[in-house]
Amino acid sequence: MSQVRVRFAPSPTGFLHIGGARTALFNWLFARNKKGIFVLRIEDTDQERSTKESEDVILRAMKWLGMDWDEGPETGGDYGPYRQSERLNIYKEYAQRLLGEGKAYRCFCTQEELDLQRQEAKEKGEFQGYTGKCRDLTEDQIKEYEAQGRKSVLRLRINEDEEIVINDLCRGMINFSSNEFGDFVLVKSDGFPSYNFAVVVDDMLMKISHVIIGDDHITNTPRQVMLYKAFNTKVPEFAHIPMILGNDGSRLSKRHGATSVEEYRDQGYMKDATVNYLSLLGWSPKNDQEIIEVDETIKRFSLEDVSRSPAVFDNTKLKWMNGQYIRNCEMDTLITEVSPFIDKEKYEIENKEWLAKALKIAREHMTLLTDINEQLTYFFDKTLDKTLNEEILKIFEKESAFIVVDEYIKRLEDLEADKFYYEPLRDNLKVIMNEHNIKGKDLFMPLRVALTYSTSGPGVYPMLQVLGKEHSIDRMKEFVQKVRKSNSLEA
């Protein structure tokens, strides 16, 4: 096999959505697996909708996902330029070539005439594509139309009864007949190329070996194949990957949640978790493995293992996967990922070491990076809800609750600072348990509540270690005083 060259060619008319990101990822994975070239090309011939801001958003999202490109904007390469708006002279040259060879022709039909042709064909139950009215215009007729000020488009002259066979790498053999298509437009009346024409010229000149694209483009492929044959050049291999649906079976859209890659980033999804999940939308590693690192995915990725069936995007599953990555990634990585989401006005982080201790506890209760702020409330007095609600006061209706906290405070005061770790903290509580025969929830719950003012939250021993000796003792003393004061007022 010659060198694999694939491309992702987004239109800069908005953000990079989930479907586009998955297409880009499959191209990138295939290129990396085959040690080939991944090309990024910007298809910005839609002058009204294309913007530099949208291009920047797409490039930024690609970088966040870790999909580096070998050729394209900011990178360069031997087959540029990599923006279609900068390639108009190239399209003009190749359009003239087809026109000169008689494989294309100028069409002067107005939109009104085309609509009328279509309507008449529909009423007769006939083929509604272009009828070929301008196929054989004479020079005099062309001059007459030009004198009338009519604008023309350039159409491909399609051969009748030609079989078009596509050996799709994902879907198998697909057959079309040229009779299904009218002579389609190559160059529009404003001089800009049509989608299919520009794509073929670009892929041909950029030596693209494989076109990996969504199966919503499958009707474009036979048109492109006919164009390759018109240019007497090799047709690339095609792979049409399945579309992505929402949980309700309809095409993925805004109503199913965020669709922009950057929206997911801003909501607190990790890059690696997002890439992991996207890779499984239509591709399977042939086992039940769900958490798979990108390097392993590259090694195992194959177009033959891409499903023909639509993939279903499940936000719940993505969130679960994100939680797995939060709990299992390296601490330095997690600190880097979570730091931008910490509310700096509420939480004054002492240092990286302290944050690592807090994250060791917090990560167990997080599914999104944005969950960090809720988890940090336990460690900062100014953000802790110190309300003595009915549930808390009921726990301290038992005298044993006061015994546990008072005794434990005394033992912490006698515990040396360098002994403030799991085993001594646990052993001191065991002594209280044995001396007073207090067990289970009656033993642990009073301590948890005295530290967090809540019946749920971080584990007691990790919480003590993060707060430190003095802070832990002061918080528990303050709590006991408040409860006793509340009890005396009620009495």
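Report the local net charge at Met366: Lys and Arg +1, Asp and Glu -1, summed over other residues whose C-beta lies under 14 Å from its C-beta. Mind dumping the intermediate values first?
Values: positive: Lys319, Arg327, Lys360, Arg363; negative: Glu337, Glu364, Asp371, Glu374.
Its environment carries a net charge of 0.
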Open item on the list: Need one number: nm distance between label points at Met433 and Asn159, each 7 Å from Cα along Cα→Cβ, rounded to one decimal.
Closed with: 8.4
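If you filter segment 400-465 for trypsin sites (Lys or Arg not before Pro), then keep DSSP loop positions with at most 13 other Cβ within 10 Å, what is left? Please report the intermediate quantities before stating the final value.
Numbers: sites: Lys410, Arg411, Lys419, Arg426, Lys430, Lys439, Lys441, Arg448; in loops: Lys439.
Qualifying residues, ordered by number: Lys439.
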Open item on the list: Can you tell me the mean projection area, over all orientations, of the convex hull of segment 225-334's alpha carbons? Units nm², please.
Closed with: 9.6
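For an R0 of 35 angstrom, estimate the FRET efficiency from the Cβ-Cβ distance between Glu86 and Asn33 and round to the nearest 0.05. All intermediate terms of the calculation are to be shown ahead of the outcome.
Values: r = 31 Å, r/R0 = 0.87.
With R0 = 35 Å, the Cβ-Cβ based efficiency is 0.70.
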Open item on the list: Defining a contact as two alpha carbons under 8 Å apart and six or more residues distant in sequence, what relative contact order in percent does the chain show?
Closed with: 12
Task: Probe 1.4 Å, protein heavy atoms only - accessible area per residue of segment 86-241 in square angstrom - done: 52
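Quick one: net charge of Asp203's neighbours, Cβ under 11 Å, K/R +1, D/E -1?
Details: positive: Arg5, Arg7, Arg41, Lys207, Lys234; negative: Asp202.
It works out to a net charge of +4.
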TODO: Report, in debye and to the nearest 20, how large the dipole of segment 368-471 comes out about its Cα centre when Lys and Arg carry +1 and Asp and Glu carry -1 on their Cβ.
DONE: 180
Open item on the list: Could you compute Rg(Cα) / (2.2 N^0.38 Å) for the chain, with N its residue count?
Closed with: 1.42
Open item on the list: Taking a ≥ b ≥ c as the square roots of the Cα gyration tensor eigenvalues, with a/c under 1.5 meaning rounded and otherwise prolate when a/b beats b/c, else oblate, which class fits segment 86-241?
Closed with: oblate
Task: Helix 18-33 vs. the chain, principal-axis angle (Cα, 0 to 90°, nearest 10) - done: 80
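Dipole of segment 86-241, Cα-centred, from +1 at each Lys and Arg C-beta and -1 at each Asp and Glu C-beta, to the nearest 20 debye?
Values: 21 positive and 27 negative charges, 84 e Å.
Magnitude of the dipole: close to 400 debye.
Taking the mean number of other Cβ atoms within 10 Å as a proxy for protection, how do you rank 284-296, 186-198 from highest to lowest?
On the way: 284-296: 12.4, 186-198: 19.2.
Ranked by mean Cβ neighbours within 10 Å, highest first: 186-198, 284-296.
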- [ ] Taking the chain as the reference, fit the longest principal axis to its C-alpha atoms, fit the long axis of helix 88-100 to the helix C-alpha atoms, and give the angle between the two in degrees, 0 to 90, nearest 10.
- [x] 30
- [ ] In debye, nearest 20, what is the charge dipole magnitude of the chain about its Cα centre with +1 on Lys and Arg Cβ and -1 on Asp and Glu Cβ, if you could check?
- [x] 320
- [ ] Under 4.7 Å Cβ to Cβ, no partner at all: give me those cysteines from the chain, in residue order.
- [x] Cys109, Cys170, Cys329
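With every protein chain left in place, what is the accessible area per residue of segment 385-490 in square angstrom, probe 1.4 Å? Intermediate values should be presented prior to the final figure.
Numbers: 5670 Å² over 106 residues.
About 53 Å² of surface per residue is accessible.
Hey, any idea what % of the chain's accessible area is carbon plus sulfur with a 1.4 Å probe?
Values: 11300 of 24440 Å².
Summing carbon and sulfur atoms, their accessible area is 46 percent of the total for the chain.
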TODO: List, in the order given, every pair from Lys122/Lys254; Lys317/Lys360; Lys122/Lys234; Lys34/Lys234; Lys317/Lys441; Lys103/Lys234 whose Cα-Cα distance in the structure shown is over 26 Å.
DONE: Lys122/Lys254; Lys122/Lys234; Lys317/Lys441
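Using a 10 Å cut-off on Cβ atoms, rank the peptides 175-182, 146-153 from the highest mean neighbour count down.
Working: 175-182: 15.0, 146-153: 12.5.
Order by mean packing, descending: 175-182, 146-153.
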- [ ] Find, to one decimal place in angstroms, the Kirkwood hydrodynamic radius of segment 329-372, where the mean of 1/r is taken over every pair of different Cα atoms and then inverted.
- [x] 10.6
Task: Cβ-based charge dipole, the chain, positive-most Cα from Leu303, Met243, Pro458 - done: Leu303
Open item on the list: Compute the angle between helix 422-436 and the longest alpha-carbon principal axis of the chain, please, reported from 0 to 90 degrees and rounded to the nearest 10.
Closed with: 50
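The values are calculated or read from the model by the stated rules, or taken from the named source; none is laboratory data. Since this is a predicted model, take the numbers as computed values, not measurements. Here Cβ is always computed from backbone atoms with ideal geometry, including for glycine, and neighbour counts include all displayed protein chains. Each accessible area value is taken on the protein alone, full model and side chains, heavy atoms only, with ligands, DNA and RNA left out. Shrake-Rupley method; radii C 1.70, N 1.55, O 1.52, S 1.80 Å.
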